[in-house]
Amino acid sequence: MTVVAEPSKKLVCWSCGSDNDADAQFCATCGKLQPYTPTDYFSFFGLPRRFVLDRVALEKQFYQLSRKLHPDLYVRAGAQEQQWSLEKSSVLNDAWRTLREPLARTEYLLSLLGIRLEEQSRDASDRAAASGTVKQQVVPSDLLEEVFELNMQLEEMRMAKAGGADDPELRRDLEAARENFYQQLKVSEQDLQRLWAEWDSSADNEATRQTTQEKMVDLLNRRSYIRNLLRDVEEALKS
Amino acid sequence: MAYSDKVIEHYNNPRNVGQMDKNSTAVGTGLVGAPECGDVMRLQIKVNPETRVIEDAKFKTFGCGSAIASSSLATEWVKGKTVDEALEIKNTDIVKELALPPVKIHCSVLAEDAIRAAIGDWKKKNVALGEQAAVPVAIAAN
Ligand code: FES
Ligand SMILES: [Zn+2]
């Protein structure tokens, strides 16, 4: 895979003094393990920052690296190299776990771009408190209403069950709601995929990137409500 | 996670659970949510149009114990206050009163957001009626 973006600085090998890419884990000339410098997960794998990623290629790279970085290989090396292999192995695992999961990867890349979902909501609260205005909710109010109503139904269902009765009509409503929410999740997944591709292909268009980022955040916030709700619905429908 | 006694007390014995007619002009409704956990909270106030005193408050929260306790406490606190006084309630007051741990601060923020949303809703309705038109949704200096 070719690295398209982010012009790399040079890394001078500590052992033989030859030049390497800044991302290099090993010296291209002498093969020695290079120092660990804290870096983001994309650079760790030598990948450009993209939402869409070839998982199969990533997996191959992960196994290759995890073999080559394994601390067992460095028991007879210097203390520094031992240390680097430990550090790198641990980062490798975190990076792999994060990047292989499309949603985790999305949140991660957004955070690299300075967007943190949790802080977003907190920031909106802070802004509202500071200006004495009503907080701008991070999801549209119709979704909040929907969530609230469904929670009411769930409560009814739980109460009916606790009283030994199962209201078949309520159950049907909840099953319909469940279908509906699964459908929404599916749609939002397709929307996300579209946005990923759009962002990836507009490296030279900051405005497009901004809008697609915002749309992604919006979708992720919606999804987080829906997922929580589905968990509760499943729980209530279980008998 | 261990809840403080006060949280447990409010949780087992929530004050002012319920709802009011959200179409009434005297009633302000705030519906807020925390995307982190998916919890939602509805807080309603009933305001005397002459005195601007909050005469009644109700809440309904689907969320964790801290969110329930925070909203329960919030309804207790806003009652008897004017809307402007109620806007002074800060989530940090709630955190202190309920001894909430750091991970539960967002639950108290939800309650503060809900108070402000309910008051905002009430003001909007009453501005729309041509009353108190001079007061925007802002904290009036008292
Ligand atoms: S955990 Fe979300 S409101 Fe308490
Ligand atoms: Zn070298």
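The values are calculated or read from the model by the stated rules, or taken from the named source; none is laboratory data. For clarity, every value in this text was computed on a predicted model and none was experimentally measured. Heads up, the Cβs are rebuilt from the backbone with ideal geometry, glycines too, and the neighbour counts pull from every protein chain shown.
Here are a few things to note about the model shown:
- Taking the stretch B:1-103 and the helices (runs of 4 or more DSSP H) fully enclosed by it, the elements with 1 or more residues that are in contact with a Phe, Trp or Tyr (Cβ under 9 Å, 6 or more places away or on another chain), in contact (Cβ under 8 Å) with a residue 60 or more places away in the chain and among the charged types (D, E, K, R) are at B:91-98.
- In the stretch A:66-88, the condition of being under 30 Å from A:R209 (Cα atoms), more than 16 Å from ligand 2 (Cβ to nearest atom) and surrounded by 17 or more Cβ atoms within 10 Å (Cβ to Cβ) is met by no residue.
- Meets criteria (out of contact with any strand residue (DSSP E or B) (no Cβ under 8 Å at 6 or more places or on another chain) and modelled with pLDDT under 95) for A:E107: yes
- Some residue of the stretch A:158-176 being within 14 Å of another protein chain (Cβ to nearest Cβ) and within 28 Å of A:L112 (Cα to Cα): no
- From B:E36, B:E55, B:E9, residue being within 14 Å of chain A (Cβ to nearest Cβ) and acidic (D, E): B:E36
- For the stretch A:151-178, the set of residues classified as touching a residue at least 12 places away in the same chain (Cβ under 8 Å) and surrounded by 14 or more Cβ atoms within 10 Å (Cβ to Cβ) consists of A:N151, A:Q153, A:L154, A:E156, A:M157, A:K161, A:L170, A:R171, A:D173, A:L174, A:A177, A:R178, listed by residue number.
- Flag if B:A2 is more than 26 Å from A:D126 (Cβ to Cβ) and among the hydrophobic types (A, V, I, L, M, F, W, C): yes
- For the stretch A:11-27, a residue qualifies if it is in contact with a helix residue (DSSP H, G or I) (Cβ under 9 Å, 6 or more places away or on another chain) and more than 9 Å from ligand 2 (Cβ to nearest atom), and the qualifying residues are A:A22, A:D23, A:Q25.
- Qualifying residue in the stretch A:32-41 (condition: modelled with pLDDT of 95 or more, outside any loop (DSSP other than H, G, I, E, B), away from ligand 1 (no atom under 16 Å from the Cβ) and not assigned by TED's automatic domain parsing to the domain that holds A:S201): yes
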